[in-house]
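Encoded as structure tokens, the structure appears first; notes follow it.
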Amino acid sequence: MTTALATDARAPVERAVDTRSFYARNRLKIAPWLFLAPALIFFMIYVIIPIFGSISLSFYKWDGLVAEQAEWVGMANYERLLDDEKFWTSLKNNILWLLLFMLAVPAGLFIALFLNQTTPGMRIYKSLFFFPFVISQVVVGLVFFWFYNPEFGVVGKVWGFFFCEQVVNIVGNLSTRCSVDPPALMASEEYATYGIIAAGLWPQIAYCMILYLTGLNNVSPDQVEAGRLDGAKGWRMLWYVILPQLRPATFIAVVVTVIGALRSFDMIAIMTQGGPGVGSTNVLAYYMYEVALSEFGFRYGYGAAIATVLFLIMLFYISYFLWRMYQDEKGEH
């Protein structure tokens, strides 16, 4: 009897064989990828493949018309960039855009803090501040172009109020005499870029405001109450309690603002077309358009080289912000 039991104990235990299909056995792992597949396919076709196609094109000299005429030139397009004064002007303007555009983040934050109140009529103010975000960039450019006009624009009218006066001329008619002529911002090589950046900041501030309003809705009231019990108020409450909880919104606002500054195109196209002068307000995106598709003779390879430089700058900034966010989250855990 004992020997029989021992033999039965040593016998291998038979396991049930799963006869289901591969999909049935791995349904929970496969299902998310099935939902992501359409977006990934479109992202691959319209983003990843064109990026590598543009990088590949930057090593050729090509007019964009006949594929057989594409001539391999290696790094010649990039070497030419080093001696291109217009390229360096565009790069300098892009850096200026990047630095000044970052003002949209704190400005959007403080407007969101102002609007995040329960006073009567606050919805009207929210809609007014939200308005710049929903209108077209082309419309914004046209409005600010008229705004800066020294004759009939707001700048000219305000300037005239402070520095001009109505006088009677020889024939008895009223005329305007100004101690200092009103500035023609869009005709100045020195100040035109700042005027365009100010126009671009208007809708960008509205976008950052929306992000922060969403973030403020997710702020923990328990932490706010705990901060009040500890005596925190005003700037201390903002710095130590509110801002740490707005980190995700700040990250998105900074990334979107950086991308918006580096890919700025429509404002320049509407307000100055790269002028005044020869490319004084150009940025890399608009200079790429001029080189590849405008009066410069369809130099697709050279335009692709400019696009590659712009892509690498964007990649550097976005990678840096992603790394910082990853380090912060890792430190919290």
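With a point put 7 Å past each Cα toward its Cβ, work out how far Arg177 is from Leu40 in nm, to one decimal.
Distance between label points: 7.7 nm.
Which GluC sites (Glu not before Pro) in the range 244-333 pass both tests, a DSSP loop state and at most 10 other beta-carbon atoms within 10 Å?
Numbers: sites: Glu290, Glu295, Glu329, Glu332; in loops: Glu295.
Counting only loop positions with at most 10 other Cβ atoms within 10 Å, the GluC sites (Glu not before Pro) in the range 244-333 are Glu295.
For the range 192-281, what does the relative contact order come out to in percent, with C-alpha contacts under 8 Å and a separation of six or more? Show your work: numbers first, answer last.
Details: 41 pairs, mean separation 36.0, N = 90.
Computed over the range 192-281, the figure is 40 percent.
Tell me, what HN-Hα J-couplings in whole Hz come from the Karplus equation 6.51 cos²θ - 1.76 cosθ + 1.60 at θ = phi - 60° for each residue of the range 318-329, using x for Gly and Pro?
Values per residue, Gly and Pro as x: 5, 4, 5, 5, 5, 5, 5, 5, 5, 5, 5, 5 Hz.
For the chain, modelled as a Gaussian network with Cα springs under 10 Å, which listed residue fluctuates most, Leu57, Leu201, Leu229?
Greatest mean-square fluctuation among the candidates belongs to Leu229.
Note down the magnitude of the dipole of the chain about its Cα centre, charges +1 on Lys and Arg C-beta and -1 on Asp and Glu C-beta and zero elsewhere, to the nearest 20 debye.
Numbers: 22 positive and 24 negative charges, 246 e Å.
In debye, rounded to 20, the chain gives about 1180.
Please identify the cysteines of the chain that lack any partner cysteine with a Cβ under 4.7 Å from their own Cβ.
Cys208
Assuming R0 = 41 Å, can you tell me the calculated FRET efficiency for the pair Asp63 and Lys330, based on Cβ-Cβ distance, to the nearest 0.05? Don't skip to the end; give the middle numbers.
Values: r = 50 Å, r/R0 = 1.21.
About 0.25, to the nearest 0.05.
What stretch of the chain, leaving out the sites themselves, is the longest with no trypsin sites (Lys or Arg not before Pro) in a DSSP loop having at most 14 other Cβ atoms within 10 Å?
Values: sites that count: Arg15, Arg20, Lys233.
Of all site-free stretches, the longest is 21-232.
At what distance in nm do the modelled label points of Glu189 and Ile259 sit from each other, each positioned 7 Å from its Cα along Cα→Cβ?
Between Glu189 and Ile259, the simple spin-label model gives 3.5 nm.
Using a 10 Å cut-off around each Cβ, can you sort Val180, Val154, Val224 from fewest to most neighbouring Cβ atoms?
Values: Val180 9, Val154 12, Val224 15.
Lowest count first: Val180, Val154, Val224.
Mind running the shape call on the chain? Use the C-alpha gyration tensor, a ≥ b ≥ c as the square roots of the eigenvalues: rounded below 1.5 for a/c, prolate if a/b tops b/c, oblate otherwise. Mind showing how you got there, number by number?
Working: a/c = 3.23, a/b = 1.51, b/c = 2.13.
Cα axes put the chain in the oblate bin.
Between Ile49 and Trp72, what is the FRET efficiency for a Förster distance of 25 Å, r being their Cβ-Cβ separation, to the nearest 0.05?
Details: r = 20 Å, r/R0 = 0.82.
Once rounded, the FRET efficiency stands at 0.75.
Report, by chain and number, residues whose modeled amide H sits under 5 Å from the one on Lys61, excluding near sequence neighbours (fewer than 5 apart, same chain).
Amide H neighbours of Lys61: Glu71, Trp72, Val73.
How many angstrom separate the Cα center of the range 76-125 from the Cα center of the range 255-303?
Taking the Cα centre of the range 255-303 as reference, the centre of the range 76-125 is 16 Å away.
Taking the beta-carbon count within 10 Å as an exposure proxy, list Leu310, Leu34 from fewest neighbours to most.
Working: Leu310 20, Leu34 10.
In increasing order of surrounding Cβ atoms, one gets Leu34, Leu310.
Taking a threshold of 30 Å on the Cα-Cα distance, which of the pairs Lys61/Lys86; Lys126/Lys233; Lys126/Lys330 fall above it? Don't skip to the answer; put the middle values down first.
Values: Lys61/Lys86 19 Å; Lys126/Lys233 25 Å; Lys126/Lys330 36 Å.
Distance filter (> 30 Å) returns Lys126/Lys330.
At a Förster distance of 45 Å, what's the computed FRET efficiency of Phe114 paired with Thr19, Cβ-Cβ distance as r, to 0.05?
Using R0 = 45 Å, I get an efficiency of 0.10.
Bear in mind that the values in this text are calculations on the coordinates, not laboratory data. Since the model is a prediction, treat every value here as computed from it, not as a measurement. A quick note on method: Cβ atoms are made from the backbone with ideal geometry, for glycine too, and the neighbour counts reach across all protein chains shown.
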